[in-house]
Amino acid sequence: MRASFVLMLALATGCSAPLALGTLTAGSLVCAGIANEETHKGLMRTDADSLALSARDAYVDSEYARAFQLCHRALDRKPHHPLATRVLGAAACRLHDRARAKRVFVEVAPEFRDSIRMICHDEGIELEHSVPTQAI
């Protein structure tokens, strides 16, 4: 049971299956001798979902430029990724990138527009309710 949990945790955090044999140390997984702190922080994530999660983590840590970059990497792999699009909009606001924030605003699902609008408002950027759609 414990081994399968470790394997699931390894795969979820970015270790490949053959390298998933590791140990749990102080709450973090060690893959093939490499401390998983970097993987946990999202530095080794490469698929769109993982990149979007890393972007969200960076945003929560107030690393807005890093979140912005990770969102673009996620969106390169999967255009219109919902989480990456939301985080990109919020990060654009925090970075005072008015043009990007406006473009992302129309791409994000309608139920998330109010939160992006409020973040932008806090940064002095006012978003209209309808903006012409352009590429993010």
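The values are calculated or read from the model by the stated rules, or taken from the named source; none is laboratory data. As the structure is a prediction and not an experimental result, all values here were calculated from the model.
Numbers at a glance
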read-out	value
Hits in segment 95-118 (condition: more than 17 Å from the chain's Cα centre (by Cα) and of a type outside the set (D, E, K, R))	His96, Ala99, Val106, Pro110, Met118
Helices (runs of 4 or more DSSP H) (entirely within segment 27-136) containing at least 1 residues that are modelled with pLDDT under 85	37-41
